[in-house]
Amino acid sequence: LYDKIIFEGANKGDVCEKEKIDLFVDDSPINCMHVRERGINVLAFKSGITADAIDQTDLPSVSSWDELYDKINSIV
């Protein structure tokens, strides 16, 4: 379902552009907003500590791994 998972990179927007990422998933609303500004699709993953912050944005989001799986399958 994926070609590569990248866990590094201080500037995730740069990494996404360099790697030609189609979909970025992260639990940081700030990272998601910065990546989305570059025209890359994002899904914000609501973890316990970030759910409230994500709910205060217009970011598309998921709350579980099952929901993420379903959302990705609906895209492809």
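The values are calculated or read from the model by the stated rules, or taken from the named source; none is laboratory data. Predicted, not measured: the structure shown is a model, and the values here were computed from it. Virtual Cβ from ideal backbone geometry, glycine too; neighbours counted across all protein chains shown. Side chains included, ligands, DNA and RNA excluded: accessible areas come from the protein's heavy atoms. Shrake-Rupley method; radii C 1.70, N 1.55, O 1.52, S 1.80 Å.
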Check: Which of the residues belonging to the stretch 52-69 are loosely packed, with under 15 Cβ neighbours inside 10 Å and in a helix (DSSP H, G or I)?
Finding: 52, 55, 65, 66, 67, 69
Notebook entry, point to check: Which pairs have Cβ atoms under 8 Å, sit 6 or more apart or on different chains, and link a residue in the stretch 16-30 that is in contact (Cβ under 8 Å) with a residue 12 or more places away in the chain and within 15 Å of residue 57 (Cβ to Cβ) to one that is part of a loop (DSSP other than H, G, I, E, B) and open to solvent by less than 100 Å² (accessible area, probe 1.4 Å)?
Noted result: 24/40; 27/46; 27/47; 27/50; 28/50; 29/50; 29/57; 29/59
Checklist line | Residue among 39, 9 that alone is outside any strand (DSSP E or B), among the small types (Gly, Ala, Ser), open to solvent by less than 80 Å² (accessible area, probe 1.4 Å) and at pLDDT 90 or above | finding: 39
